[in-house]
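All remarks here apply to the structure that follows.
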Amino acid sequence: MRIHAFAALLLTLPAAAQGAPAPNLLQEQAQRFQPIPSSGGIVAAQEARAAAVGAAVLRRGGNAVDAAVASAFALAVTLPQAGNLGGGGFLVLWLPRSGRISTCPAAARAASPPESIAIGRGEAVALNFRETAPQAAGPDLFLNPDGSVNRERALRSPLSTAVPGSVAGLLQVQERYGCLPLATVMAPAIALAEQGFPVGAELSASLAAAAPLLKADPTSARQFFKADGRPYRPGELLRQPQLAASLRCIAREGAGCFYRGRVAQALVRLMRQRGGLITAADLAAYRAPWMTPLSAPFRGHRVLTMPPPSGGGATLLQLLQVLEPLDLAATGLNSAATLHPMVEAMNLAYRDRNRLLGDPAQVVMPLERLLSGSYAAQQRQRISADRHRPAAELEAEPSRLSEGTNTTHLSVADRDGGLVALTTTLNTAYGTGSSVPGAGFLLNNEMDDFTAKPGAPNAYGLRQGQQNAIAPGRRPLSSMTPTLVFRGDGTPLLATGSPGGSRIITTVLQVLLNRLVHGLNLASAVAEPRIHSQLWPDQISIEQGLSPDTLRLLQQRGHRVLLTPAMGSANSVEVLPEGRGSLGVADPRRLGAAAVVELPWP
């Protein structure tokens, strides 16, 4: 790979011409952004109160799983546009076999699931609590008589709601791996819903923007707006008593409350009234399977991520393997010479994602071949050093293999180095916009993540194939990419992930490249400007902050460049070596995000 011209010029200049560093008399930091340090564990989440809930659970003797579950239930209250009871998600965790958390001796834990893998002094496992299609769903669910896709039906109707998985997943992981009683873990979320919390600036603006959607549903209108119909202003108290009652029922009765009891009955009643497909049998049959994480080496580290039906994990590992031999550090962070091969690799990887991936319980996928070193080498050879290959050109080639944006992500590290990366979603902001009467939670619109019609774009512009067609009981392909990274000796390094629809994968990729290749600290790795490309539409989406010179060089290579709003919210944590504590960073792209420590740095 050629050295970027500016970097090469610097290498030829004497130290005086480069500007030899002056003595650091003011003791200023080398990088502009700094992570939050903790002498114990830390929680990074998209909403500050939910992060604080997780940190408080750590202080009570909970581990990373307890804190993640507590924060996730709190997000269902304080971040209704993405946190949820009515959605689904993925989780990847690593816990040591023994540690200092006295309330949770390893001997008291349930036996490890066979899907877990040993890494270092602990074990890692993934949990799939993605939503499932109702038994009455079929491939033509969203097609008009003329064969076109009915986007309103796919996004806003009761038909767009899949069987929720969040409650099953959160309870299952807490029961097997948590330390504290479920009632203790859920108590903060119940209090937030029942007693209320002051609405922040971001939620106030979000509710106002979503008013046309939410006010179309009488239950949502009562739940999220004042009696006179006005949105809550910053500082005003939002109480959600119906949601509090559902949370209390779940804490008392477990998953049975949601999937067979009072909450299930309310959901099924709404489906019958409005023509939805979810039945009592669909809810009772829901299961969240344990899965073996996908794993691959990268630059002396080991990366663990979510397997399908996450299309994110496989695509992330494919991208890392294609890019690993390239000297991206030499070409320079965010230079055109670095971004060009990244974009071309993204387009190739998204083509494979859209054509080949789906629910492993129902479709066959060539994963072993897709993630092989030989296939990565073939893909790398297809990247031109100085020319963008148009999407139409790539799409016309046959495959060489046979066979929301409102999501939210949180990361947790505990004092023993345990890690959890958890991503959960309703799909788009507030899902369908409809809430379940008497239960107080919003319905997802995840059925739109299926292929409504091969080649027709979904809400995120992804043009997917028959592998992801709607079928009874199937889980839709997802871009959620909760990810853990380990040092070469097997000790935990970091947990990350992001919301952002189809941009999740490239957000996580860039956080890892910034941290592991370019040497940025965790906060800088998260804060750097991001790009995204997914084959279709044939363009590079860029955030504010890239040099105009870089953009011109990309355009000269044939790229179409489009300035877009900020991408993702990669709330991340890092474990310091030798038990020295942890670091956390809340992505500055979201106003209410926070990293909250268990114990302050001494």
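The values are calculated or read from the model by the stated rules, or taken from the named source; none is laboratory data. Here the structure is a predicted model, which is why all the values come from computation and not from measurement. No Cβ is skipped: glycine too gets one built from the backbone with ideal geometry, and neighbour counts run over all protein chains shown. Quick note on the areas: whole protein, heavy atoms, side chains included, nothing else; ligands and nucleic acids left out. Shrake-Rupley method; radii C 1.70, N 1.55, O 1.52, S 1.80 Å.
Protein-only accessible surface at a 1.4 angstrom probe places the residues THR279, THR315, THR564 in the order THR279, THR564, THR315, largest first. Taken over the alpha carbons of the chain as equal point scatterers, the Debye sum produces base-10 log I(q)/I(0) values at 0.08, 0.12 Å⁻¹ of -0.52, -1.20. In loop segments of the range 19-60 as defined by DSSP, the trypsin sites (Lys or Arg not before Pro) with at most 16 further C-beta atoms inside 10 Å of their C-beta are ARG32, ARG60. Evaluated with a Cβ-only charge set (Lys, Arg +1; Asp, Glu -1), the range 108-255 carries a dipole of roughly 360 debye about its Cα centre, given to the nearest 20.
Element breakdown for the chain at a 1.4 angstrom probe: carbon and sulfur atoms account for 56% of the accessible area.
Could you order the peptides 143-152, 170-179, 258-267, 221-230 from most to least packed, using the average number of other C-beta atoms within 10 Å per residue?
Final packing ranking: 170-179, 258-267, 221-230, 143-152.
Once the 1.4 Å probe is applied to the protein heavy atoms, the range 285-342 comes out at 25 Å² accessible per residue. Across the range 333-382, Cα-Cα distances exceeding 13 Å account for 65% of all pairs. Checking every one of the trypsin sites (Lys or Arg not before Pro) in the range 564-595 against DSSP loop status and a limit of 12 other Cβ atoms within 10 Å picks out ARG580.
How long are the three semi-axes of the equivalent ellipsoid of the range 552-602, in whole Å, if each is the root of 5 times an eigenvalue of the C-alpha gyration tensor, listed from largest down?
Numbers: eigenvalues 266, 48, 8 Å².
Working through the eigenvalues yields semi-axes of 36, 15, 6 Å.
Average accessible surface for the range 445-602: 32 Å² per residue, computed with a 1.4 Å probe over protein heavy atoms with every protein chain in place. Which one, VAL517, VAL185, LEU267, is farthest towards the positive end of the dipole of the chain when Lys and Arg carry +1 and Asp and Glu -1 on their Cβ? Result: LEU267, furthest along the dipole toward the positive end. Beyond 26 Å, the tail of the calculated P(r) for the range 441-580 holds 38 percent of the Cα pairs. Peptides 406-418, 341-353 ranked from most to least packed, by the mean per-residue count of other Cβ atoms within 10 Å: 406-418, 341-353. Using a cut-off of 12 Å between beta-carbons, work out the net charge of the residues near PRO565 (Lys and Arg +1, Asp and Glu -1, PRO565 not included). Neighbourhood net charge equals +3.
Size descriptors for the range 500-553, from the alpha-carbon set: Rg then Dmax equal 11.8, 32 Å.
State in Å² the accessible area per residue of the range 121-193; use a 1.4 Å probe, count heavy atoms of protein chains only, and round to the nearest integer.
Working: 2360 Å² over 73 residues.
Counting only protein heavy atoms, the per-residue value for the range 121-193 is 32 Å².
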